[in-house]
Amino acid sequence: MTKINTDNNTVIKYLCLVIVGVLANSIGMFSPVLNSNDAYFYSIMSKNIVTSDNWVWLFYQGQDWLDKPHFPFWMTALSFKVFGISVFAFVLPGFVFSLIGAIYTYRLAKEFFDFETAALSALIYITSLHLMTSAIDIRAEAFLLGQIVPACFYLWRFNTTSRFKHLVLASLFTGLALMTKGLFVFVTICSGQIIYLIYIRKLNFAFIKKFISYILLSFVFALPEFICLYMQFDMHPEKVVFGKTGVSGLEWYFWGSQFGRFFNSGPIAMANKHRDYFFFVHTFLWSFLPWSLFFIFSIYSFIKNRIEIISYDFSKIIYLLAAFIPTFLMFSLTKFQLDYYINIIIPFAAIMCAYFLNYIIVPKWLLKVQSGINIVLLLIASLLVLLVFKLTLYSLYVFVPLIFLFVMVNSLRNGVNKENVIIFSAISISNVFVILMLIYRIIYPNFVVGLNLASYLKESNITAAKLYVVGDLNYNITNFYINNMELSFVNQTSDIKDTNYYILSNSNDKTVKDLNSAHELKEFADISINRFIPMLLSDKKEDINYYQLYKVN
């Protein structure tokens, strides 16, 4: 199999689109709101570190907390220390690690193949739907992208060069991954390298010695996590954690945090106890948009053309498949299934996809189907603008996807061209993403009670007072924005034993209105982020909750 010539101008376009993709991804950092309840939870954990100045123990609502390792919270807390507690400071560390993942996806592709494949790999990475959303909706997986791919790169380098520097860097990034997620990261980092060596028949004693040194040094770099867990839990068996005493943090790390999640048997478990073996099949297909069809074609091409692929490239594809498939199967077998788990193997899919797009003649029918997908994406972007922003200044953005749609359709008159289809695929998904971010930046803040309450308190110069939140208002979202008041959450008004305070409760709560000394100040609208877009498109208001702020003398 010989490489299809790629015009240098096309490669430059790919790299320019990477820059545009990074800028599009960064929009979420400048939003006044976070993009999921999980993100607010992470922010509160990190905020607790800053406010308590305790970097060893993790707390949630005043209780010892044991569910995830420390590293993401440390990075976010450090960002809060530098930039203050804000959405920007929360998103920044995970965003940076996501970009590190893109850089090392490029480096790994270049190490395996060539500059053109590396450039296209980076473009596919930056413009994959789930990686775009995860770059600003920060969870552990955003950090893992900037840890697992570099670890794979340096472990490969260490095996081929035996340089101590590469051993240290591979172990360092693996140690960070261990402090972010746990032992199962070894599956993703090591499976490609080991199966590759088995395939080329070089899994020998020399590698085993290297591998042992890599594993041991990785645990050395992860020592801060083990020390913190030991100090918070193993040294204090009297602590009550999830209703139990005598809880070992180290036992939790090496067993409960990994196998407890795998078997969905831990204290934090999913309500659905039945695993769906095909959950990550359909999850991957939408997560990898707009490149899913190309990835399926890549797998088909690998099976069909495996004899024609030169042995050097074939072994690298074996590596990529071996890094992708074992983790994919592990996720599919687990009973604890969440869509964002799939993110950590998308870089390997991106490289393999880029290789086949560079080395295989893509059939015209596939390019036409992909062009149809791009047209649909641009139409969705246009409709979102018109339906959400209506006749406002922001609706003028509709011309951006429409212009790209016009240019793309016009180019199709001269026949489909692979490079153009790839470029418009990146442009189409970027438009959808940017519009979604504009919606969450411009409209959604009006429906976040914690944000608007904090603004009202600041404008009214209300500080150093007690605020009681009555009912089921989201603890994390409210607590993230309120930084200048003593905040308490109670189930009902009768639980308050105090004088001269403020109450925030559901507007339908008559018990507060019956208080003679309660004075209404302002009402706030609130809606779950999961229901926000459907509410906008259907114009149904039943999902909106209203909360009233009272002053009680």
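The values are calculated or read from the model by the stated rules, or taken from the named source; none is laboratory data. Bear in mind the structure is a predicted one, so any value in this text is a computation, not a measurement. Cβ sites come from the backbone with ideal geometry, for glycine too, and all protein chains shown count toward neighbours. The area values use the complete protein model at the heavy-atom level, side chains included, leaving out ligands, DNA and RNA. Shrake-Rupley method; radii C 1.70, N 1.55, O 1.52, S 1.80 Å.
Take the chain with all the other protein chains still there, run a 1.4 Å probe, and you get 43 Å² of accessible area per residue. Given R0 = 30 Å, the distance between the Cβ atoms of residue 201 and residue 168 translates into a calculated FRET efficiency of 0.60.
For segment 145-251, with all protein chains present and a 1.4 Å probe, just round the carbon and sulfur fraction of the accessible area to a whole percent.
70 percent
Taking Cβ atoms as reference points and 15 Å as the exclusive limit, the residues near residue 108 contribute a net charge of 0, counting Lys and Arg as +1 and Asp and Glu as -1. Which FRET efficiency value, to the nearest 0.05, do you get for residue 19 and residue 414 by plugging their Cβ-Cβ distance into 1/(1 + (r/R0)^6) with R0 = 25 Å? It comes to 0.35. Can you pick out the pairs among 466/510; 497/541; 110/165; 68/390 whose Cα atoms lie more than 31 Å from each other? Over 31 Å apart, Cα to Cα: 497/541; 68/390.
Ranked by solvent-accessible area (1.4 Å probe, protein heavy atoms only, all chains present), the residues 82, 400, 376, 388 order from largest to smallest as 82, 376, 400, 388.
Give the calculated FRET efficiency between residue 403 and residue 380 to the nearest 0.05, with a Förster radius of 22 Å applied to their Cβ-Cβ distance. E between residue 403 and residue 380, to the nearest 0.05, is 0.90. Across 329, 217, the residue with the most accessible area heads the list, and the full order at a 1.4 Å probe is 329, 217.
Gain in length, residue 544 to residue 499, computed as 0.36 nm per residue apart minus the alpha-carbon separation, to one decimal in nm?
Numbers: separation 45, 0.36 × 45 = 16.20 nm, distance 3.08 nm.
Going from the current span to full extension adds 13.1 nm.
Let's see if you can work this out: charge +1 on each Lys and Arg Cβ, -1 on each Asp and Glu Cβ, no other charges. What is the dipole magnitude of the chain about its Cα centre, in debye to the nearest 20? Could you put the intermediate results ahead of the total?
Details: 41 positive and 32 negative charges, 320 e Å.
The calculation lands at about 1540 debye.
Taken along the Cα-to-beta-carbon direction at a fixed 7 Å, the label points for residue 521 and residue 392 span 2.6 nm.
If the convex hull of the alpha-carbon atoms of segment 306-433 is projected onto planes in all directions, what is the mean projected area in square nanometres? Intermediate values should be presented prior to the final figure.
On the way: hull surface 42.8 nm².
Taking a quarter of the hull surface, the average projection is 10.7 nm².
Computing the accessible area with a 1.4 Å probe over protein heavy atoms, can you report the carbon and sulfur percentage for segment 477-553?
Details: 1770 of 4250 Å².
Of all accessible area on segment 477-553, carbon and sulfur atoms account for 42 percent.
Cut-off 18 Å, label point 7 angstrom out along Cα-to-Cβ of residue 60: give me the residues of segment 154-184 whose amide nitrogen falls inside. Only 179-182 pass the distance filter.
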